[in-house]
Amino acid sequence: NAGVTQTPKFRVLKTGQSMTLLCAQDMNHEYMYWYRQDPGMGLRLIHYSVGEGTTAKGEVPDGYNVSRLKKQNFLLGLESAAPSQTSVYFCASSYRRTGGTDTQYFGPGTRLTVL
Amino acid sequence: RKEVEQDPGPFNVPEGATVAFNCTYSNSASQSFFWYRQDCRKEPKLLMSVYSSGNEDGRFTAQLNRASQYISLLIRDSKLSDSATYLCVVNGPVTSGSARQLTFGSGTQLTVLP
């Protein structure tokens with residue numbers, strides 16, 4: 001199993017450009033998540049999905065959109081990139097466990113720089 | 001106040017030392033607690049869950065004090081390979097689809113010196 005994969009690994013954008021980050025998991029997990037990690041801030045949840053066709057906002061959703069058209073894929077879009085979106089983006093997935101929280105498995109991350 | 005607070009360190013300790021990390025959380029409704037480990041420029045990985053009665057995994061011991069909303073991680077006989085950032089993680093209230101979001105502390109950096 002590849003686990004959780006992310007593409008691309010690195011990207012440099014100019015302000016105003018758009019891009020899509022792709023996350024894929026082969027563990028048949030119901031839940032998927034997008035986080036960003038900034039120095040001194042810890043990981044912050046951007047959006048998440050509890051199943052195919054569903055998405056929900058996390059702590060810092062502004063400036064991002066997501067889609068989960070297939071169970072194994074979770075896409076994160078930046079419509080008009082801003083320098084404040086320079087960060088490391090991690091995707092994660094987990095099993096569904098009612099009333100509890102299951103282990104989240106993370107992808108290797110995407111390092112995005114917006115100039 | 002941050003929902004999950006950790007001493008950022010860095011902690012620089014010699015090989016073989018015992019080191020302890022502390023973490024406090026603000027949401028008294030949290031039910032699940034974890035320590036994740038993150039190596040430099042890598043993704044976080046689960047180190048261990050934290051149970052109310054305390055639990056041990058080899059050289060690692062985790063403790064939870066619900067009354068004080070305090071979590072700790074003790075590493076005994078430190079190895080060079082223990083050098084990493086340790087993230088304290090707490091779950092929050094149930095959100096849509098029975099999912100509980102995780103809240104991550106900003107991490108405590110550990111360097112084990114030869």
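The values are calculated or read from the model by the stated rules, or taken from the named source; none is laboratory data. In this text the structure is predicted, and so the values were computed from the model without any measurement. With ideal geometry, Cβ positions are generated from the backbone for all residues, glycine too; neighbour counts draw on all protein chains shown. Side chains are part of the model used for accessible areas, which takes the heavy atoms of the whole protein and leaves out ligands, DNA and RNA. Shrake-Rupley method; radii C 1.70, N 1.55, O 1.52, S 1.80 Å.
Within segment B:4-18, can one find any residue that is touching a residue at least 24 places away in the same chain (Cβ under 8 Å), in contact with a Lys or Arg (Cβ under 6 Å, 6 or more places away or on another chain) and more than 14 Å from chain A (Cβ to nearest Cβ)?
For segment B:4-18, residues touching a residue at least 24 places away in the same chain (Cβ under 8 Å), in contact with a Lys or Arg (Cβ under 6 Å, 6 or more places away or on another chain) and more than 14 Å from chain A (Cβ to nearest Cβ): present.
What are the residues in segment A:1-55 that are charged (D, E, K, R) and in contact (Cβ under 8 Å) with a residue 60 or more places away in the chain, if any? Let's see the steps before the verdict.
From segment A:1-55, those charged (D, E, K, R) are A:9, A:11, A:14, A:26, A:30, A:36, A:38, A:44, A:52; that's our starting set.
A:Lys9, A:Arg11, A:Lys14, A:Glu30, listed by residue number.
Just checking, does segment B:29-46 include any residue being farther than 18 Å from A:Leu43 by Cα and small (Gly, Ala, Ser)?
Going through segment B:29-46, the residues farther than 18 Å from A:Leu43 by Cα turn out to be B:29, B:31.
Right, trim to small (Gly, Ala, Ser) and you get B:29.
For segment B:29-46, residues farther than 18 Å from A:Leu43 by Cα and small (Gly, Ala, Ser): present.
Can you tell me which residues in segment B:70-101 are part of a loop (DSSP other than H, G, I, E, B), more than 18 Å from B:Val50 (Cα to Cα), in contact with a Lys or Arg (Cβ under 9 Å, 6 or more places away or on another chain) and at pLDDT 95 or above?
First, the residues of segment B:70-101 that are part of a loop (DSSP other than H, G, I, E, B): B:76-79, B:83, B:95, B:99.
Next cut, more than 18 Å from B:Val50 (Cα to Cα) only: B:77-79, B:83, B:95, B:99.
Right, trim to in contact with a Lys or Arg (Cβ under 9 Å, 6 or more places away or on another chain) and you get B:77-79, B:99.
B:Asp77, B:Ser78, B:Lys79 - these are the residues of segment B:70-101 that are part of a loop (DSSP other than H, G, I, E, B), more than 18 Å from B:Val50 (Cα to Cα), in contact with a Lys or Arg (Cβ under 9 Å, 6 or more places away or on another chain) and at pLDDT 95 or above.
Of all residues in segment B:5-30, how many are assigned to a strand (DSSP E or B) and surrounded by fewer than 14 Cβ atoms within 10 Å (Cβ to Cβ)? Explain how you work it out, then say what you get.
Going residue by residue through segment B:5-30, those that are assigned to a strand (DSSP E or B) are B:5-6, B:11-14, B:19-25.
Filter once more, keeping what is surrounded by fewer than 14 Cβ atoms within 10 Å (Cβ to Cβ): B:12, B:14, B:20.
Number of matching residues: 3.
Please verify whether A:Thr15 is within 29 Å of B:Pro10 (Cα to Cα) and away from chain B (no Cβ under 14 Å), treating the condition exactly as stated.
Details: within 29 Å of B:Pro10 (Cα to Cα): no; away from chain B (no Cβ under 14 Å): yes.
Against the criterion (within 29 Å of B:Pro10 (Cα to Cα) and away from chain B (no Cβ under 14 Å)), A:Thr15 does not qualify.
Looking at (1) within 24 Å of B:Phe33 (Cβ to Cβ); (2) open to solvent by less than 50 Å² (accessible area, probe 1.4 Å), find the lone condition where A:Met41 falls short.
Evaluating A:Met41 over (1) within 24 Å of B:Phe33 (Cβ to Cβ); (2) open to solvent by less than 50 Å² (accessible area, probe 1.4 Å) leaves (2) as the failure.
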